[in-house]
1. Does residue 57 qualify as being part of a strand (DSSP E or B), surrounded by 11 or more Cβ atoms within 10 Å (Cβ to Cβ) and at pLDDT 80 or above?
2. From the residues in segment 60-73 that are in contact with a helix residue (DSSP H, G or I) (Cβ under 7 Å, 6 or more places away or on another chain) and hydrophobic (A, V, I, L, M, F, W, C), which one is farthest from residue 187 (Cα to Cα)?
3. Kindly provide the set of residues from segment 35-54 that are outside any helix (DSSP H, G or I), out of contact with any Ser or Thr (no Cβ under 6 Å at 6 or more places or on another chain) and open to solvent by less than 90 Å² (accessible area, probe 1.4 Å), ordered by number.
4. In segment 80-108, which residue that is open to solvent by less than 70 Å² (accessible area, probe 1.4 Å) and basic (Lys, Arg) is modelled with the lowest pLDDT?
5. Taking only pairs six or more apart or across chains, which ones have beta-carbon atoms under 7 Å, a first residue in segment 150-163 that is over 12 Å from residue 119 (Cβ atoms), and a second residue that is open to solvent by 40 Å² or more (accessible area, probe 1.4 Å) and of a type in the set (Lys, Arg)?
6. Go through segment 109-122 and count every residue that is touching a helix residue (DSSP H, G or I) at 6+ places or on another chain (Cβ under 6 Å) and surrounded by fewer than 18 Cβ atoms within 10 Å (Cβ to Cβ).
7. Within segment 65-79, track down each residue that is within 15 Å of residue 173 (Cα to Cα), in contact with a Lys or Arg (Cβ under 9 Å, 6 or more places away or on another chain) and surrounded by 15 or more Cβ atoms within 10 Å (Cβ to Cβ).
8. Condition first: in contact with a Lys or Arg (Cβ under 7 Å, 6 or more places away or on another chain) and among the acidic types (Asp, Glu). Can you find one or more residues in segment 87-107 that meet it?
Amino acid sequence: MVEKMKGLIEYFKRKKETSCKEEKRKNKSCIEVEVGAKEEVITPYLVNGKSSINLEFANLLDNIGKSINPNQEFCFYIKVKKWNDEDKFDVASAIKNYYHNTLVQMNRKLKSNLKLFLLMVFLSAFSVATLFLAEYFCAPFIITEVIDIIVWGFVWESVDLATFQRSFYQHEYEHNKAIYNMKILFK
């Protein structure tokens with residue numbers, strides 16, 4: 001049984017290498033997917049006259065894209081049977097359209113994150129100034145402690161937005177950009 005599994009794994013390794021051999025020589029990653037009908041990829045709806053891929057196929061592409069370095073070019077081979085050029089063009093443009101919309105959404109999130117970060121920095125500075133004034137005018141201990149906690153809350157939120165959330169959004173943006181820029185080929 002173990003020998004059978006090893007043989008099957010070796011078969012798939014050889015098959016992938018021979019299918020993407022030319023692109024691997026150019027130091028590109030290659031992904032190969034077999035699709036039966038165009039309807040398995042494209043949604044039946046048009047938005048502003050443009051088609052898009054369905055959620056299941058988008059999840060497949062996202063899953064594939066996770067294993068690819070966003071800085072490395074990669075090719076996406078779609079193995080099809082009896083598709084005409086129009087079907088191939090429709091699928092390729094639907095993939096590009098989906099990821100274009102995703103990039104627009106991620107760009108909005110990055111801009112919103114920046115605005116929120118700037119707001120938190122302003123509120124942090126304002127809170128520090130308030131704390132300084134409370135200390136200067138000898139406000140009761142409880143008031144200065146509450147203001148101190150508020151200062152640290154705004155400072156922490158600023159750090160969280162600038163480092164953790166922004167890096168996550170940036171990673172997602174680069175991941176989607178790599179998929180958007182991938183070379184789509186049909187067999």
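1. Against the criterion (part of a strand (DSSP E or B), surrounded by 11 or more Cβ atoms within 10 Å (Cβ to Cβ) and at pLDDT 80 or above), residue 57 does not qualify.
2. 68
3. Pass one, segment 35-54, residues outside any helix (DSSP H, G or I): 35-37, 41-54.
Among the residues that remain, those that are also out of contact with any Ser or Thr (no Cβ under 6 Å at 6 or more places or on another chain) are: 35-37, 41, 44-51, 53.
Once the filter is applied, which keeps residues that are outside any helix (DSSP H, G or I), out of contact with any Ser or Thr (no Cβ under 6 Å at 6 or more places or on another chain) and open to solvent by less than 90 Å² (accessible area, probe 1.4 Å), segment 35-54 yields 35, 36, 37, 41, 49, 51, 53.
4. Out of the qualifying residues, it is 88.
5. none
6. 5
7. Residue satisfying the conditions is 70 alone.
8. Yes, segment 87-107 has at least one match.
The values are calculated or read from the model by the stated rules, or taken from the named source; none is laboratory data. Keep in mind it's a predicted model, so treat the numbers as computed, not measured. FYI the Cβ positions are ideal-geometry reconstructions off the backbone, even for glycines, and counts take in every protein chain you see. SASA here: full protein model, heavy atoms, side chains in, ligands and nucleic acids out. Shrake-Rupley method; radii C 1.70, N 1.55, O 1.52, S 1.80 Å.
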